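The values are calculated or read from the model by the stated rules, or taken from the named source; none is laboratory data. For clarity, every value in this text was computed on a predicted model and none was experimentally measured. Here the Cβ positions follow ideal geometry from the backbone for every residue, glycine too, while neighbour counts run over all protein chains shown. Heavy atoms of the whole protein, side chains included, go into the accessibility calculation; ligands, DNA and RNA do not. Shrake-Rupley method; radii C 1.70, N 1.55, O 1.52, S 1.80 Å.
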Amino acid sequence: MSAATSPSRIVDAVVVGAGFAGLYMLYRLRELGMTTRVFEAGDGVGGTWYWNRYPGARCDVESMQYSYSFSPELQQEWEWTERYPQQEEILRYINHVADRFDLRRDIQLETRVTAATWDEGQQRWNVTTDRGDQLSARYLISAAGCLSAGRVPEIEGLESFQGQWYHTGNWPHQPVDFSGQRVGIIGTGSSGIQAIPQIAKQARQVTVFQRTPNFSIPAWNRPLSPEQQKEWKARYPQLREQARNTRSGILYDYSQRGTFEVDEPERQREYERRWERGGANYTHAFNDIFFDRAANDQAAEFVRSKIRSIVKDPAVAAKLAPTDHAIGTKRICVDTDYYTTFNLPHVSLVDLKASPIEAIVPGGIRTADATHEFDSIVFATGYDAVTGSLDRIAIRGRDGLALKQKWADGPRTYLGIMTAGFPNLFFITGPGSPSVLTNVVVAIEQHVDWIARCLQSMQQRHIEVAEARTDAEDQWVDHVNEVADKTLFPTTASWYTGANVPGKRRVFLPYVGGLGNYTAICEQVVADGYRGMRLDPVPAVEGAAPRTGGNVSAPIDAT
Ligand code: NA7
């Protein structure tokens with residue numbers, strides 16, 4: 001860094017993002033006595049839950065599980081009101097956490113990290129923001145989130161639209177009143193499926209533009225009784241521990257039976273039982289649903305039959321019933337009144353496979369066979385998932401290598417936590433980790449704890465630089481792919497594979513081997529003295545002459 005760009009601040013760590021991950025990372029870094037600056041683009045904390053304020057926005061993991069476990073006091077004192085938490089309630093919870101642990105004083109809001117460059121001489125990251133901040137940090141930690149880079153598709157003519165348009169992931173802070181309006185909604189993933197029934201309650205006319213139908217299971221959301229909360233809270237330590245050891249970080253009823261180990265009536269009873277309980281637990285009705293296409297077809301057909309029984313118009317029901325992908329290989333949706341909404345006289349469905357969108361015109365949306373007039377258009381078109389938020393930052397590692405360039409053929413990481421050539425850069429729920437396939441709060445806590453422990457070990461051993469080894473990274477990438485290939489996930493074009501972003505390289509982004517197994521691997525890496533990582537001792541004089549030559553490999557204890 002030249003004198004002209006000398007850092008205005010020297011810190012131990014810069015954390016990107018103040019959602020669940022960034023807040024907990026800050027908390028742990030404070031415990032280690034590290035000076036930290038957290039940068040957050042929003043004008044409040046909360047990450048995904050700050051931005052996603054669309055009508056009906058709700059978590060698809062139950063309240064009692066979708067919360068931090070690191071503080072016994074916090075988990076005892078916070079009262080959830082519903083089975084599945086609403087966006088507004090989650091945001092209130094995150095704000096409470098920020099206040100309760102006095103986190104705000106190290107968080108700079110309305111500021112995006114725009115660039116981070118590894119300074120080989122100083123062995124530090126030079127970090128720049130869109131507000132002109134220049135920092136020098138020993139560690140750079142991404143808590144930028146897996147679903148934070150929203151995507152409005154490039155459709156010709158959007159700028160000519162004379163009404164209002166919105167993206168679910170960047171919703172206005174004031175409620176939007178659709179009363180009396182004609183509203184077009186593009187996209188039928190989780191966001192669309194949650195928003196459509198709510199918008200239909202207000203609007204005069206709703207037209208849903210569906211490219212691919214999704215499977216959705218009813219939430220049967222309801223208020224949480226004080227007794228239910230009490231029961232959970234009494235057993236929280238055991239329940240949290242059990243959840244950490246499951247595949248998804250969620251206490252579902254994971255079946256030990258295979259689909260064809262039971263006869264047809266028993267199979268149907270099991271699907272029905274799960275449908276009646278609601279939520280993503282449905283996909284664990286049998287233990288082969290994610291692995292065996294014939295088994296998956298059975299579970300999928302049950303949901304299709306439910307759609308046909310709920311939706312009165314058989315032609316609409318046929319369009320809503322997915323046949324192009326295995327159930328669960330796209331994020332299963334959890335809804336309130338989604339399918340019944342299509343029985344309302346003012347709600348209609350356009351199948352974009354039959355009649356694609358050609359352009360947005362001043363008055364609405366033109367498809368191949370009609371022009372639909374709208375006052376408002378809602379894009380529920382998703383995200384550049386997992387890597388999108390990192391791609392927005394110009395990160396340069398050793399020898400000026402850009403992270404985007406290194407990952408041009410798909411992200412490469414060691415454990416989803418580090419990437420070779422980018423020392424002291426840590427990802428929380430990065431690509432190649434279980435992340436979006438889990439209860440992400442559990443995955444975040446596991447990652448933050450692991451990173452904090454690694455940094456603590458480095459402190460204790462006077463280790464200055466940690467970096468993934470290329471051979472370990474190669475092995476991990478192979479392992480991630482190998483595990484994914486044993487499942488049905490890669491058979492589906494989804495945001496898990498990057499298929500929703502034109503031009504994005506198709507790679508299976510999350511680690512599908514299960515959170516419990518993954519955690520065991522991470523623990524073993526520590527027990528083996530941070531196997532797969534290179535760890536460099538501090539030079540005699542901190543920040544002294546540029547370092548040359550190879551790294552000294554110094555295994556450290558599993559403290
Ligand atoms: P998703 O799940 O990525 O859904 C996006 C939807 O938008 C999906 O139905 C897409 O159809 C559709 N889409 C995307 N681009 C277009 C274009 N150009 N034209 C028409 N339709 C389009 O995002 P969500 O926000 O709903 O959910 C993201 C996650 O947040 C969710 O999984 C939960 O984990 C929480 P496609 O399927 O690509 O054909």
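Have a look at Ile357, Ile365, Ile307, Ile289 and point out the one that is open to solvent by less than 30 Å² (accessible area, probe 1.4 Å) and either farther than 30 Å from Thr487 by Cβ or touching a His at 6+ places or on another chain (Cβ under 6 Å) (or both).
Values: Ile357 fails: open to solvent by less than 30 Å² (accessible area, probe 1.4 Å); Ile307 fails: either farther than 30 Å from Thr487 by Cβ or touching a His at 6+ places or on another chain (Cβ under 6 Å) (or both); Ile289 fails: either farther than 30 Å from Thr487 by Cβ or touching a His at 6+ places or on another chain (Cβ under 6 Å) (or both).
It is Ile365.
One residue stands out among those in the range 219-257 that are out of contact with any helix residue (DSSP H, G or I) (no Cβ under 7 Å at 6 or more places or on another chain) and open to solvent by less than 20 Å² (accessible area, probe 1.4 Å): the one that is modelled with the lowest pLDDT, which is Gln229. Counting only residues that are away from the ligand (no atom under 16 Å from the Cβ) and in a loop (DSSP other than H, G, I, E, B), the range 477-510 holds 5 of them.
If you filter the range 364-381 down to residues that are under 28 Å from the mean Cα position of the chain (by Cα) and of a type outside the set (Phe, Trp, Tyr), you find that the one that is farthest from Phe209 (Cα to Cα) is Ser376. Applying the condition of being in contact with a Cys (Cβ under 7 Å, 6 or more places away or on another chain) and not in a helix (DSSP H, G or I) to the range 75-107 and asking which residue is surrounded by the fewest Cβ atoms within 10 Å (Cβ to Cβ) yields Tyr84. As for the range 334-345, it holds at least one residue that is in a loop (DSSP other than H, G, I, E, B), open to solvent by 60 Å² or more (accessible area, probe 1.4 Å) and free of Cβ contacts under 8 Å to residues at least 24 places away in the same chain.
Every residue, every condition in (1) among the hydrophobic types (A, V, I, L, M, F, W, C); (2) in contact (Cβ under 8 Å) with a residue 12 or more places away in the chain; (3) in a loop (DSSP other than H, G, I, E, B), yes or no:
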| position | (1), (2), (3) |
| --- | --- |
| Val350 | yes, yes, no |
| Lys353 | no, yes, yes |
| Val378 | yes, yes, no |
| Asp399 | no, yes, no |
| Arg412 | no, yes, yes |
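Can you spot a residue in the range 168-181 that is within 11 Å of the ligand (Cβ to nearest atom), crowded, with 22+ Cβ neighbours inside 10 Å, at pLDDT below 95 and among the polar types (S, T, N, Q)? Scanning the range 168-181 turns up no residue that is within 11 Å of the ligand (Cβ to nearest atom), crowded, with 22+ Cβ neighbours inside 10 Å, at pLDDT below 95 and among the polar types (S, T, N, Q). Filter the range 274-286 for residues that are part of a helix (DSSP H, G or I) and crowded, with 17+ Cβ neighbours inside 10 Å and give the result. Those that are part of a helix (DSSP H, G or I) and crowded, with 17+ Cβ neighbours inside 10 Å: Arg274, Trp275, Ala280, Asn281, Tyr282, Thr283, His284.
Looking at the range 502-512 only, could you name the residues that are surrounded by 21 or more Cβ atoms within 10 Å (Cβ to Cβ) and over 15 Å from Val440 (Cα atoms)? Once the filter is applied, which keeps residues that are surrounded by 21 or more Cβ atoms within 10 Å (Cβ to Cβ) and over 15 Å from Val440 (Cα atoms), the range 502-512 yields Val507, Phe508.
So, Glu264, is that one surrounded by fewer than 18 Cβ atoms within 10 Å (Cβ to Cβ) and farther than 28 Å from Glu445 by Cβ or not?
Details: surrounded by fewer than 18 Cβ atoms within 10 Å (Cβ to Cβ): yes; farther than 28 Å from Glu445 by Cβ: yes.
Yes; evaluated as a whole, the condition is true for this residue.
Test Thr129 against the stated conditions and say whether it is of a type outside the set (Asp, Glu) and open to solvent by 50 Å² or more (accessible area, probe 1.4 Å). In short, no.
If only one of Phe426, Phe489 is open to solvent by 10 Å² or more (accessible area, probe 1.4 Å) and either at pLDDT 95 or above or within 30 Å of Asn296 (Cα to Cα) (or both), which one is it? Talk me through it step by step, then tell me what you get.
Numbers: Phe426 fails: open to solvent by 10 Å² or more (accessible area, probe 1.4 Å).
After applying the criteria, what remains is Phe489.
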